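Engineer: Just passing along the structure, written as structure tokens.
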Amino acid sequence: MNAKVPTVLVLYLVLTATFNTIIFTTPFIYMYDRGIGESVYRAFSLICHQVPSRSFCIYPDAFTVSGCSAMTNGIVSVDPVLGMGYKFPVCARCISFYTGMFIGGLMLLFIFFRRGCYPILPVWLFIMFIIPMGVDGTFQLLGFWESTNTVRVLTGFPAGFIVPFYLMPILDKRRAQWSWKNGHWIVGKRG
């Protein structure tokens with residue numbers, strides 16, 4: 001099928017790829033320029049609680065990613081076995097959610113290439129993908145249990161993965177109603 005990929009989907013993939021790249025490179029940026037690194041961490045604090053015990057750190061000397069150990073300044077972790085580690089700018093659930101959003105967008109792109117249109121999915125499917133994250137996060141917030149990073153990843157990824165399957169058709173439909181007139185965008189029916 002020779003379907004033209006919607007501009008909105010391409011823009012979504014570029015934005016989510018860029019966003020994920022910033023997330024995954026922030027610890028390295030901090031290692032080489034603390035000023036810029038701290039600015040990135042502060043920016044991400046607007047969208048994530050950044051609690052170290054709910055986050056992953058990268059330990060370059062051990063070439064591994066693991067939970068964060070004792071934190072020296074909220075960014076740097078010192079582990080007796082793994083050495084010096086650097087926290088990602090968002091928690092484990094957010095990392096998996098945003099990664100899921102990007103991978104879900106890639107999957108949607110492949111489906112679009114194959115079918116020539118967006119798949120029509122029932123609302124209950126969206127709810128089923130979101131519920132595990134909602135239940136885990138809510139019950140943890142209310143103090144019923146303390147979740148683990150593994151559970152956070154396993155509940156965050158599906159929730160992020162399903163988002164583009166519902167968001168892109170809505171945005172693409174809205175974009176079809178946009179028109180450029182007298183130097184600004186008008187939203188409404190064309191014609």
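The values are calculated or read from the model by the stated rules, or taken from the named source; none is laboratory data. Just so it is clear, the structure is predicted and the values come from calculations on it, not from any experiment. Here Cβ is always computed from backbone atoms with ideal geometry, including for glycine, and neighbour counts include all displayed protein chains.
Engineer: Being outside any helix (DSSP H, G or I) and either surrounded by fewer than 20 Cβ atoms within 10 Å (Cβ to Cβ) or touching a Pro at 6+ places or on another chain (Cβ under 7 Å) (or both): is that true of Y166 here?
Structural biologist: no
Engineer: Give the residues of the range 34-60 that are over 16 Å from the mean Cα position of the chain (by Cα) and without any contact (Cβ under 8 Å) to a residue 12 or more places away in the chain, sorted by residue number.
Structural biologist: R34, G35, I36, S39, R42
Engineer: Shifting gears a bit: Looking at (1) surrounded by 13 or more Cβ atoms within 10 Å (Cβ to Cβ); (2) closer than 30 Å to R115 by Cβ; (3) at pLDDT 90 or above; (4) not charged (D, E, K, R), which one does T18 not meet, given that it meets all the others?
Structural biologist: Here T18 clears every test but (1).
Engineer: Outside any loop (DSSP other than H, G, I, E, B), touching a Pro at 6+ places or on another chain (Cβ under 7 Å), without any contact (Cβ under 8 Å) to a residue 60 or more places away in the chain and not aliphatic (A, V, I, L, M) - does that describe any residue in the range 5-19?
Structural biologist: Looking for residues that are outside any loop (DSSP other than H, G, I, E, B), touching a Pro at 6+ places or on another chain (Cβ under 7 Å), without any contact (Cβ under 8 Å) to a residue 60 or more places away in the chain and not aliphatic (A, V, I, L, M), one finds none in the range 5-19, hence no.
Engineer: Of everything in the range 103-144, what is in a helix (DSSP H, G or I), of a type outside the set (A, V, I, L, M) and closer than 19 Å to K4 by Cβ? Give them in sequence order.
Structural biologist: Selection gives G105, F110, F112, F113, R114, R115.
Engineer: Another question, then. Got a sec? Which of F144, F129, F157 is within 23 Å of F24 (Cα to Cα) and either loosely packed, with under 13 Cβ neighbours inside 10 Å or modelled with pLDDT of 95 or more (or both)?
Structural biologist: After ruling out the rest, the residue left standing is F157.
Engineer: Filter the range 21-34 for residues that are more than 12 Å from Y86 (Cα to Cα), modelled with pLDDT under 95 and assigned to a helix (DSSP H, G or I) and give the result.
Structural biologist: Once the filter is applied, which keeps residues that are more than 12 Å from Y86 (Cα to Cα), modelled with pLDDT under 95 and assigned to a helix (DSSP H, G or I), the range 21-34 yields nothing.
Engineer: On the given criteria, is G100 outside any strand (DSSP E or B), in contact (Cβ under 8 Å) with a residue 12 or more places away in the chain, more than 19 Å from F157 (Cα to Cα) and touching a helix residue (DSSP H, G or I) at 6+ places or on another chain (Cβ under 9 Å)?
Structural biologist: The answer is no for G100.
Engineer: Right, next: Could you tell me how many of the residues in the range 37-52 are assigned to a helix (DSSP H, G or I) and surrounded by fewer than 12 Cβ atoms within 10 Å (Cβ to Cβ)?
Structural biologist: The number of residues fulfilling the criteria is 1.
Engineer: Within the range 61-94, how many residues turn out to be over 16 Å from G37 (Cα atoms), in a loop (DSSP other than H, G, I, E, B) and either of a type in the set (D, E) or over 21 Å from the mean Cα position of the chain (by Cα) (or both)?
Structural biologist: Matching residues across the range 61-94 total 7.
Engineer: With respect to V90, determine if the residue is closer than 30 Å to F112 by Cβ, in contact (Cβ under 8 Å) with a residue 40 or more places away in the chain and exposed (fewer than 15 other Cβ atoms within 10 Å of the Cβ).
Structural biologist: Against the criterion (closer than 30 Å to F112 by Cβ, in contact (Cβ under 8 Å) with a residue 40 or more places away in the chain and exposed (fewer than 15 other Cβ atoms within 10 Å of the Cβ)), V90 does not qualify.
Engineer: Filter the range 109-125 for residues that are among the aliphatic types (A, V, I, L, M), over 17 Å from V10 (Cα atoms) and modelled with pLDDT of 90 or more and give the result.
Structural biologist: L121, V123, L125
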